[in-house]
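The values are calculated or read from the model by the stated rules, or taken from the named source; none is laboratory data. Because the structure is predicted, anything quoted here is derived from the model rather than measured. Quick reminder, even Gly has a Cβ in these numbers, built from the backbone with ideal geometry, and neighbours come from all protein chains shown.
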Amino acid sequence: MSSRPPATHACRPLIGVGVGLRPAHYEAILQSAPRIDWFEALTENYLVGGGQPLYYLDAIAERYPVALHGVSLSIGSTDPLNLAYLQDLKELAARCHASMISDHLCWTGIRGINSHDLLPLPYHEEALQHLIPRIRQVQEILERPLVLENISRYISFVDSTFSEWHFLSELTRRTGCRLLLDINNIYVNAHNFSFSATDFIDGIPINAVEQFHIAGYSTQNALLIDSHDQSVSPPVFDLLAHAINRFGVKPVLLERDDRIPALSELTGELDKARQLLSDAH
């Protein structure tokens, strides 16, 4: 990492609506100071020794609260945890005064091979027993709760004995970790696996949730795909409203990873999420 000292502001809580921090928006953020409450930085883009990514992260973190969201923790793998990665993550969080550190409840590879995909886990007691000490170790190293996101998935395991929401609930109860509820992922999985999205939300403990994600999906044959390349659909906004009604006001993050428009074009979706939070107040 760069030797530049961290920004001088204190860690600020995430409040309101945020957007994923993307290079296409760096200059617009600094020049126009858009009406966005916070930004989520993809962790792996900033675990570097210097250069433009860290320059912009430092500059934006001086103006806005920042959350770190990773894709490489691989908490569900049978490989040992990558301690060097965790130490770098801890230093990056200190540098940008990250308000939250999150990753995905999944595995990404085995025997040192990275699949570059978020792979699902079976939902049973053996998987819980595997995850619990790993989550505790991560939390001890980071010295803060780990926030885990429910992933979109396109296969299920015949030996699962828990519903996904029961599995997540048990994980939070036994480890103290927190949840990032991806509302679009819930909607996509509910459609693809024929369960009730509201049952999923209603099955999660009220005090377990730290943040919501919303995004757009695409359709491939009969499947919904969590593609992050479309506007948020009305049913996902309806499900977000249901989640806010159950869990209360939490920060909401709008994800867009492909066909990325100008920040100004995301205003309508941000305003709709902001209105849902305001209505809950």
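Modelled with pLDDT of 95 or more and exposed (fewer than 13 other Cβ atoms within 10 Å of the Cβ): does that describe Pro80?
On the way: modelled with pLDDT of 95 or more: yes; exposed (fewer than 13 other Cβ atoms within 10 Å of the Cβ): yes.
Spelling it out, Pro80 is indeed modelled with pLDDT of 95 or more and exposed (fewer than 13 other Cβ atoms within 10 Å of the Cβ).
Where residues in the stretch 47-65 are in a loop (DSSP other than H, G, I, E, B) and aliphatic (A, V, I, L, M), which of them is surrounded by the fewest Cβ atoms within 10 Å (Cβ to Cβ)?
In the first step, residues of the stretch 47-65 are kept if they are in a loop (DSSP other than H, G, I, E, B); the result is 47-51, 62-65.
Subsequent filtering for residues that are aliphatic (A, V, I, L, M) retains 47-48.
Values: Leu47: 17, Val48: 15.
Only one residue fits best here, namely Val48.
Just need a number here: residues in the stretch 127-183 that are assigned to a helix (DSSP H, G or I) and not hydrophobic (A, V, I, L, M, F, W, C).
Filtering the stretch 127-183 for residues assigned to a helix (DSSP H, G or I) gives 127-142, 164-175, 183.
Narrowing the set further to residues that are not hydrophobic (A, V, I, L, M, F, W, C) leaves 129-130, 133-134, 136-137, 139-140, 164, 166, 169-170, 172-175.
So the answer is 16.
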(message) It is to be established whether one or more residues within the stretch 148-158 are touching a His at 6+ places or on another chain (Cβ under 6 Å), among the acidic types (Asp, Glu) and either closer than 30 Å to Leu57 by Cβ or modelled with pLDDT of 95 or more (or both).
(response) yes
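Are any residues in the stretch 94-113 part of a strand (DSSP E or B) and either of a type in the set (A, V, I, L, M, F, W, C) or surrounded by fewer than 13 Cβ atoms within 10 Å (Cβ to Cβ) (or both), and if so, which ones? I'd like the intermediate steps shown before the answer.
Filtering the stretch 94-113 for residues part of a strand (DSSP E or B) gives 101-104, 107-110, 113.
Within the stretch 94-113, Ile101, Trp107, Ile110, Ile113 meet the criteria.
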(message) Looking at Ser196, Ser233 in this structure, which one is more than 19 Å from His25 (Cβ to Cβ), among the polar types (S, T, N, Q), at pLDDT 95 or above and in contact with a Gly (Cβ under 8 Å, 6 or more places away or on another chain)?
(response) Ser233
(message) Cβ-Cβ distance below 7 Å, separation of 6 or more or different chains: which pairs start in the stretch 241-263 with a residue that is under 15 Å from Arg35 (Cβ atoms) and end on one that is of a type in the set (S, T, N, Q) and outside any strand (DSSP E or B)?
(response) none
(message) Report every pair of residues separated by at least 6 positions or lying on different chains whose Cβ atoms are under 8 Å apart, first residue within the stretch 1-20 and over 30 Å from Gln275 (Cα atoms) and at pLDDT below 50, second of a type in the set (Lys, Arg) and surrounded by 11 or more Cβ atoms within 10 Å (Cβ to Cβ).
(response) Met1/Arg95; Pro6/Arg95; Ala7/Arg95
(message) For the condition in contact (Cβ under 8 Å) with a residue 40 or more places away in the chain, of a type outside the set (S, T, N, Q), more than 14 Å from Gly70 (Cα to Cα) and touching a strand residue (DSSP E or B) at 6+ places or on another chain (Cβ under 7 Å), what is the one hit in Arg134, Arg144, Arg95?
(response) Arg144
(request) Could you list all residues from the stretch 32-51 that are modelled with pLDDT under 95 and either over 23 Å from the mean Cα position of the chain (by Cα) or under 15 Å from Met100 (Cβ atoms) (or both)? (result) Ser32, Ala33, Gly49, Gly50, Gly51
